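Undergrad: Below are the structure tokens for one structure; questions will follow.
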Amino acid sequence: MKLSIVTSLLFSCICFGQNNTDTSLYMKSDKITYLTDIGSESGDLYKTIGHHGPAVENEWMALRIYFSNKVAIDVYSKAKPGLELRKANWYPTPQQQKEGWGADYYKVASTVGLGGVKLWDGEKVVPLNPVTNRLARVGKTENTSWMEMISRGVPYKGKKVDILVRVTVFSGKREAKVEAVSLNGEKVQFATGVNYFKDCATKKGTNYIAVWGKHPEDVAAEIVEVGAAIMYNPKDYETTKDDGTQYLLISKPAKSLETSIISSSARETELNTLDKLEAFIKK
């Protein structure tokens, strides 16, 4: 029996509403064909891939992982809920931004960004580089979108380890999940956290760090205050560090690690101040 037109439309709306997330991975030279995976022995496709790496989005933010020695997580902030990534390609025009589109207000510099992952050798941060191969992948489930980057052959304490970083966004949920896994089964110390700039305000709790302020971004039409926070299980960590550009969380030796991240901006109507962001985290 065929569904009526009304029932069919209702069913379509329900299905659409179940996954208000998306992925984006494409070559900069070809914005038409979207990929599910791409790899490089050099570990650096920063200038080759659109928006410099794989990306995912939910209604409130988009996130990307730089396909380079950084493997940092960057943020695209939105002024209003909705999916923009495949139309804006991370860089909407100044006119589009004035009309209410989001923008890249966040600046990573040489840090982990928001929830990015590196390693800790007991004395210093170890980047996921050099590598024997780096692979990026994206995919969707019924109500999520995810991206991951696998860095193979990373030198660490006299050995070589393979590290996976996966970011998952959920339909209807502001927070994204970040997972780090040592694919060899070797226990490592992960380093993650959130970066900040001069004059940024900070709020800390037993299981979160939130920052708020202006980033010296140079690709957006204007500079807008943005908020960013990482939520974590304090039992997973050995120590915290502040190097003047980022708050770092140094994990205990582990095979895997999981955190949650969230971002907002002063342009939106819901979490447009640090106090509101913190209150949301503490719910």
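Undergrad: Here is a list: GLY82, GLY53, GLY122, GLY39. Which entry is at pLDDT 95 or above and open to solvent by less than 10 Å² (accessible area, probe 1.4 Å)?
TA: Matching residue, one of GLY82, GLY53, GLY122, GLY39: GLY53.
Undergrad: Got a number for residues in the stretch 125-135 being closer than 13 Å to PRO155 by Cβ, surrounded by fewer than 22 Cβ atoms within 10 Å (Cβ to Cβ) and among the hydrophobic types (A, V, I, L, M, F, W, C)?
TA: Residues in the stretch 125-135 being closer than 13 Å to PRO155 by Cβ, surrounded by fewer than 22 Cβ atoms within 10 Å (Cβ to Cβ) and among the hydrophobic types (A, V, I, L, M, F, W, C): 1 in total.
Undergrad: Now for a separate question. Looking at (1) in contact with a Leu (Cβ under 7 Å, 6 or more places away or on another chain); (2) open to solvent by 10 Å² or more (accessible area, probe 1.4 Å), which is the one condition that is false for VAL167?
TA: Tallying (1) in contact with a Leu (Cβ under 7 Å, 6 or more places away or on another chain); (2) open to solvent by 10 Å² or more (accessible area, probe 1.4 Å), VAL167 fails exactly one: (2).
Undergrad: Of everything in the stretch 90-119 that's aliphatic (A, V, I, L, M) and buried (at least 19 other Cβ atoms within 10 Å of the Cβ), which residue is farthest from ARG267 (Cα to Cα)?
TA: Applying the filter and picking the extreme gives LEU119.
Undergrad: Looking only at the stretch 143-164, which residues are open to solvent by 10 Å² or more (accessible area, probe 1.4 Å), in contact (Cβ under 8 Å) with a residue 40 or more places away in the chain and either in contact with a Gly (Cβ under 6 Å, 6 or more places away or on another chain) or not in a loop (DSSP other than H, G, I, E, B) (or both)?
TA: Selection gives THR144, TRP146.
Undergrad: Of all residues in the stretch 195-216, which are open to solvent by less than 30 Å² (accessible area, probe 1.4 Å), touching a residue at least 60 places away in the same chain (Cβ under 8 Å) and part of a loop (DSSP other than H, G, I, E, B)?
TA: The one that is open to solvent by less than 30 Å² (accessible area, probe 1.4 Å), touching a residue at least 60 places away in the same chain (Cβ under 8 Å) and part of a loop (DSSP other than H, G, I, E, B): HIS215.
Undergrad: Name the residues in the stretch 222-239 that are surrounded by fewer than 15 Cβ atoms within 10 Å (Cβ to Cβ) and in contact (Cβ under 8 Å) with a residue 24 or more places away in the chain, would you? Before the answer, list the steps.
TA: The first filter runs over the stretch 222-239 and keeps only residues surrounded by fewer than 15 Cβ atoms within 10 Å (Cβ to Cβ), leaving 222-223, 233-235, 238-239.
Correct list: GLU222, ILE223, ASN233, PRO234, GLU238.
Undergrad: Here's a follow-up. Search the stretch 265-283 for residues being among the hydrophobic types (A, V, I, L, M, F, W, C) and in a loop (DSSP other than H, G, I, E, B), and hand back the single one that is surrounded by the most Cβ atoms within 10 Å (Cβ to Cβ).
TA: My answer is LEU271.
The values are calculated or read from the model by the stated rules, or taken from the named source; none is laboratory data. Bear in mind that the values here come from a model prediction, so they are computed numbers and not experimental data. For neighbour counting, all protein chains shown are included, and Cβ atoms are generated from backbone atoms with ideal geometry for every residue, glycine included. Remember, those area values only see protein heavy atoms, side chains included, never the ligands or the DNA or RNA. Shrake-Rupley method; radii C 1.70, N 1.55, O 1.52, S 1.80 Å.
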